[in-house]
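*Asks:* Please find one structure pasted underneath; my questions will follow.
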Amino acid sequence: MQSAIQQLAEAIQRSPRVVVLTGSGISADSGVPTFRDPQEGLWAKFQPQDLATPDAFLHDPDFVWQWYQWRRKRVLSVEPNAGHRALARLAEVHPSLTLVTQNVDGLHQRAGHREVIEFHGNIHRNHCFDNGHEVRIKGHPEKPPRCPLCESLARPSVVWFGETIPEPALERAVGAARQADLFIAIGTSATVYPAAGLADLARGNGATIAEINPEATQMAALDISIRARAAQVLPALLEEG
Ligand code: APR
């Protein structure tokens, strides 16, 4: 693994434009279950795919809202881990490093990462269902509050299954991937598009493709593969850098 870390450190050194795509695996080391880990407790019998949809919300707004309230509380109860922190430091040392995250937990920002492209939104923000007005939440309401401007229900500002990626995030991520010299996928199963397609855009630009993940994934044609946990690899990468 050491030689692969050295290889990746050298690739970062020589690449003017680095794009990093993170998934829930980088937050696993903070104790946040990955997207496809079995859900816990009350939510154990539900699949995220059944709750994170506009239809599920319309069908039972209170229930979906309570799931997000539980997730927000859980995420706020954990800390960014060594992987988040090392990546934030790497981005300081390499200002051309663009971070695209599929995670909605805000842990990259809490680790001090300044510029984060939130491809799937952010669980700590809410907007109203009908018009997208930002809705600021006071306290911990058990039911979705109503928008002060149009009275429609507040919903989490995350991208639900069947919804499109926010245009600004999509444009910035696609633009960066298209010009990448190095693309590093960290903690993602690379199964959900369009995020998973960013690697293909980078490859189309002749980028070196790297992956940090303890398991094999659907990422094809890897030039560098580090089969280990992000919280272990990223601090070592920073050391090498
Ligand atoms: N370090 C690095 N990778 C890890 C770690 C770790 N400590 N622990 C687990 N992983 C890897 C797993 O091997 C898996 O490949 O993280 C990946 C998590 O994959 P998923 O659970 O599919 O999560 P993700 O890829 O982020 O899902 C993408 O799918 O459901 C949608 O919107 C949701 O953003 C999510 C998207």
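*Asks:* Can you classify the stretch 152-225 as rounded, prolate or oblate using the Cα gyration tensor, where a ≥ b ≥ c are the square roots of its eigenvalues, rounded means a/c under 1.5, and otherwise it's prolate if a/b beats b/c and oblate if not?
*Replies:* Working: a/c = 2.96, a/b = 1.63, b/c = 1.81.
Oblate.
*Asks:* May I pose another question? Out of the total accessible area of the chain (probe 1.4 Å, heavy atoms of protein only), what percent is carbon and sulfur? Don't skip to the answer; put the middle values down first.
*Replies:* Working: 5880 of 11600 Å².
Ligands and nucleic acids excluded, carbon and sulfur reach 51 percent.
*Asks:* So for the chain, taking the charge dipole from beta-carbon charges (+1 Lys/Arg, -1 Asp/Glu), which of PRO166, ALA11, PRO80 sits furthest toward the positive end?
*Replies:* Of the listed residues, the answer is PRO80.
*Asks:* Name the residues whose placed amide hydrogens come within less than 5 Å of the amide hydrogen of LEU182, ignoring near sequence neighbours (fewer than 5 apart) on the same chain.
*Replies:* Those lying under 5 Å, H to H, from LEU182 are ARG17, VAL19, THR208.
*Asks:* Assign one of three labels to the stretch 58-196, namely rounded, prolate or oblate, based on the Cα gyration tensor with a ≥ b ≥ c the square roots of its eigenvalues; rounded applies when a/c is under 1.5, prolate when it is not and a/b is larger than b/c, and oblate otherwise.
*Replies:* Taking the square roots of the gyration eigenvalues as a ≥ b ≥ c, the stretch 58-196 is prolate.
*Asks:* Quick one: if you stick a label point 7 Å off each Cα along the C-beta vector at PHE63 and ALA44, how many nm between them?
*Replies:* 1.9 nm
*Asks:* Also, quick follow-up: How far is helix 230-240 tilted, in degrees, relative to the longest principal axis of the Cα atoms in the chain, given as a value from 0 to 90 rounded to the nearest 10?
*Replies:* 40 degrees
*Asks:* Hey, another quick one. How far is helix 61-76 tilted off the main Cα axis of the chain, in degrees rounded to 10, range 0 to 90?
*Replies:* Orientation of helix 61-76: about 40 degrees from the principal axis.
*Asks:* Right, another one. Which parts of the stretch 163-178 would a label at ASN205 reach, counting a residue when its backbone N lies under 12 Å from a point 7 Å out along Cα-to-Cβ?
*Replies:* 172-178
*Asks:* Whole-Å semi-axes of the chain's equivalent ellipsoid, largest first, each the root of 5 times a Cα gyration tensor eigenvalue?
*Replies:* Over the Cα atoms of the chain, the semi-axes work out to 33, 18, 16 Å.
*Asks:* Right, here's the next one. Please report the relative contact order for the chain, taking Cα pairs under 8 Å with a sequence separation of at least 6, and give it as a percent rounded to a whole number.
*Replies:* 27 percent
*Asks:* Using Cα atoms only, what is the angle between the long axis of helix 82-93 and the major principal axis of the chain, expressed in degrees (0 to 90) to the nearest 10?
*Replies:* 60 degrees
*Asks:* In addition: Net charge near LEU97: determine it from the other residues with C-beta under 10 Å of the C-beta of LEU97, scoring Lys and Arg +1 and Asp and Glu -1. Intermediate results must be reported in sequence, preceding the final value.
*Replies:* Working: positive: ARG17; negative: GLU92, GLU115.
Value of the local net charge: -1.
*Asks:* Would you mind getting the accessible area per residue of the chain, heavy atoms of the protein chains only, 1.4 Å probe, in Å²? Show your work: numbers first, answer last.
*Replies:* Values: 11600 Å² over 241 residues.
Accessible area per residue: 48 Å².
The values are calculated or read from the model by the stated rules, or taken from the named source; none is laboratory data. Computed from a predicted model, the values in this text were never measured in an experiment. Cβ atoms come from the backbone with ideal geometry, glycine included; neighbour counts cover every protein chain shown. Heavy atoms of the whole protein, side chains included, go into the accessibility calculation; ligands, DNA and RNA do not. Shrake-Rupley method; radii C 1.70, N 1.55, O 1.52, S 1.80 Å.
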